[in-house]
Amino acid sequence: MSEKPRKSRGGHTQRHRNDAGHERSGSRGKGGPRKGYSRHRPSERRRHTTPSRLAAYEAIRRVSSEDAYANIVFPAVLRRHRIEGRDAAFATELFYGSLRAQGRLDAVLAQCVDRPLTKIEPAVLDVLRLGAYQMLDMEVAAHAAASETVGLAREVTGAGSASLVNAVLRRVGERTREQWLDIVVPSRDDNADRFLSITYSHPEWIVRALREALKAHGRDPREIDALLAAQNEAPSVSLVMRPGLTDENELTRSGATPGRWSLFSMAWPGGDPGQIPAVEEGRAAVQDEGSQLVALALALGADTLVSEPDHHWLDLCSGPGGKTALLAGASITHDAEVMAVELQEHRTRLVERSVATLVEAGAEVETLTADGREVGQRFPEQFSRVLADVPCSGLGALRRRPESRWRKKPGDLGGLARLQRELLESAVQSAQVGGIIAYVTCSPHANETLLVVKEAQRRHKDLEVIDARDAVRAGLRSDAGDIDLGDGPYVQLWPHVHGTDAMFLALLRKTDAPTTSHVQ
């Protein structure tokens, strides 16, 4: 339990550490090296660390060694360690922050060791990153960060690593973050991509890919700084109200506040949203506002675009089911049924859980475990509304999935292109004449967005591109105000402009009987 600050003999404020080790006083002189290291040898220091640091480490190791998803692993780790409140907030910042900052942290650590980082045991390197992040980004006092991280090393990687961790973190603590950046970051004039890569902790190829995406969608490439910075901000938690199952009043009583854009969005201030009754019961869920807007563009915004009959809707790549639920909610008032297709059986089960409460309320949802590329041939011209939320590189969701930036490779942009074209082809085949297809990705890159749509237009002369901006506006809150949706006909959302994931939306309408060519 933390205590109130007290005065030392010299009149300086001292703070006693709570479980998270929130020690900040006396950590460094202004503009100079950090002070306050313990005089004890590593063998005399802590042999254990705090539960919050241990939880951050355990989650990091699972992400690093098992290719696990951070947003799935971390809540489970917190629950297992029974970490709540301030200590949970500390662990969350340490875990997600060190994942986002990994590139920059590694650039600093490389200056403090006598060997390539690849020669350091991965588990020890993760420990070092956690310690460096506390020092450089969380303003934990140098001696507290070093002592606790040495204790963590003793506990999880053995006593043999403690001396290395202690020595490296001593060197890290000799300079402030700004001083280290002056050393490890090259001049922007000499190497702009490297400058941005280290400054904002993104791989250089992603820096280039996002700059190209800005240009392709008609934005100023100089916005790249703002975009990269936005992807390093901890995203707020957005809730979605299942249509007809809950309302703002109920969620407000639970502590939520109205969202920024979406008609069904609420903002959650912090803590575990799973404890909200509406979320626990499936009447609300966690969903980014960008995902809500693109789904609502089809569920609500297509009302004036689609031709009758309008009773059969398709979600071609439905897992895990968040967008399916919005379609299902809207389908009730349209007397329509929704078919939700998912390739993997376990993700089909997730879709079924997402729509369960809506099915109880009267929605007709049929789930089908199948390859979405085959649906167009199995159900030709059967659906009036088709959502093709295709697998993509995920470059638009890096702020929510910070580990992804270090896992992805440049080849991912081209590797998914054929799959995306084939899924859109299937969507077009499955749509009835006069039907509307929503092509959606969580990536802004032209290879996954504009070029895929243009290829579909080339193959289908009867495929009409509809301006998606009014359809998106149909899903906005009445008090949302102006929203920058660009010049059309496509809509590209951005973290630094809209505060959402970088969702792309194209709306297409079949105007005549299909004339197709084989997908190359």
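One table, with the values for the structure above:
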{"read-out": "The one condition in (1) crowded, with 19+ Cβ neighbours inside 10 Å; (2) of a type in the set (A, V, I, L, M); (3) farther than 24 Å from A474 by Cα; (4) in contact with an Asp or Glu (Cβ under 9 Å, 6 or more places away or on another chain) that L368 fails to fulfil", "value": "(1)"}
{"read-out": "Matching entry among S426, S443 (being within 25 Å of G259 (Cα to Cα), in contact with a helix residue (DSSP H, G or I) (Cβ under 8 Å, 6 or more places away or on another chain) and of a type in the set (S, T, N, Q))", "value": "S443"}
{"read-out": "Residue list for segment 292-342, restricted to those being assigned to a loop (DSSP other than H, G, I, E, B), hydrophobic (A, V, I, L, M, F, W, C) and touching an Asp or Glu at 6+ places or on another chain (Cβ under 6 Å)", "value": "C317"}
{"read-out": "Restricting segment 114-137 to residues that are closer than 17 Å to Q179 by Cα and surrounded by 18 or more Cβ atoms within 10 Å (Cβ to Cβ), the residue that is nearest to the chain's Cα centre (by Cα)", "value": "Y133"}
{"read-out": "Test: residue in segment 229-242 that is in contact (Cβ under 8 Å) with a residue 12 or more places away in the chain and more than 19 Å from the chain's Cα centre (by Cα)", "value": "yes"}
{"read-out": "Any hit, segment 140-148, residues being charged (D, E, K, R) and part of a helix (DSSP H, G or I)", "value": "yes"}
{"read-out": "Count of residues meeting criterion [part of a helix (DSSP H, G or I) and either in contact with an Asp or Glu (Cβ under 7 Å, 6 or more places away or on another chain) or surrounded by 13 or more Cβ atoms within 10 Å (Cβ to Cβ) (or both)] in segment 240-281", "value": "8"}
{"read-out": "Meets criteria (touching a Pro at 6+ places or on another chain (Cβ under 6 Å) and outside any loop (DSSP other than H, G, I, E, B)) for G414", "value": "no"}
{"read-out": "Output for segment 154-203, where each listed residue is of a type in the set (G, A, S), in contact (Cβ under 8 Å) with a residue 24 or more places away in the chain and either buried (at least 20 other Cβ atoms within 10 Å of the Cβ) or in a loop (DSSP other than H, G, I, E, B) (or both)", "value": "S161, A162, G173, S197, S201"}
{"read-out": "From the options L508, L463, L424, L493, residue that is buried (at least 20 other Cβ atoms within 10 Å of the Cβ), out of contact with any Cys (no Cβ under 6 Å at 6 or more places or on another chain) and within 22 Å of P235 (Cβ to Cβ)", "value": "L493"}
{"read-out": "Pairs, first not assigned by TED's automatic domain parsing to the domain that holds P444 and acidic (D, E) in segment 209-222, second outside any helix (DSSP H, G or I) and surrounded by 20 or more Cβ atoms within 10 Å (Cβ to Cβ), C-beta under 8 Å, six or more apart", "value": "E212/H445"}
{"read-out": "Test for D470: is it in a helix (DSSP H, G or I), in the same structural domain as G329 (by TED's automatic domain parsing), over 29 Å from R401 (Cβ atoms) and in contact (Cβ under 8 Å) with a residue 40 or more places away in the chain", "value": "yes"}
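Residues are listed down the side, and each one gets a yes or a no for (1) closer than 22 Å to F379 by Cα; (2) surrounded by 17 or more Cβ atoms within 10 Å (Cβ to Cβ); (3) of a type in the set (A, V, I, L, M, F, W, C); (4) not assigned by TED's automatic domain parsing to the domain that holds P380:
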{"residue": "L327", "(1), (2), (3), (4)": "yes, yes, yes, no"}
{"residue": "E342", "(1), (2), (3), (4)": "yes, yes, no, no"}
{"residue": "R353", "(1), (2), (3), (4)": "no, no, no, no"}
{"residue": "A361", "(1), (2), (3), (4)": "no, no, yes, no"}
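The values are calculated or read from the model by the stated rules, or taken from the named source; none is laboratory data. Model, not experiment: these values are computed from the prediction. Cβ coordinates were reconstructed from backbone atoms using ideal geometry, including for glycine residues, and neighbour counts include every protein chain displayed.
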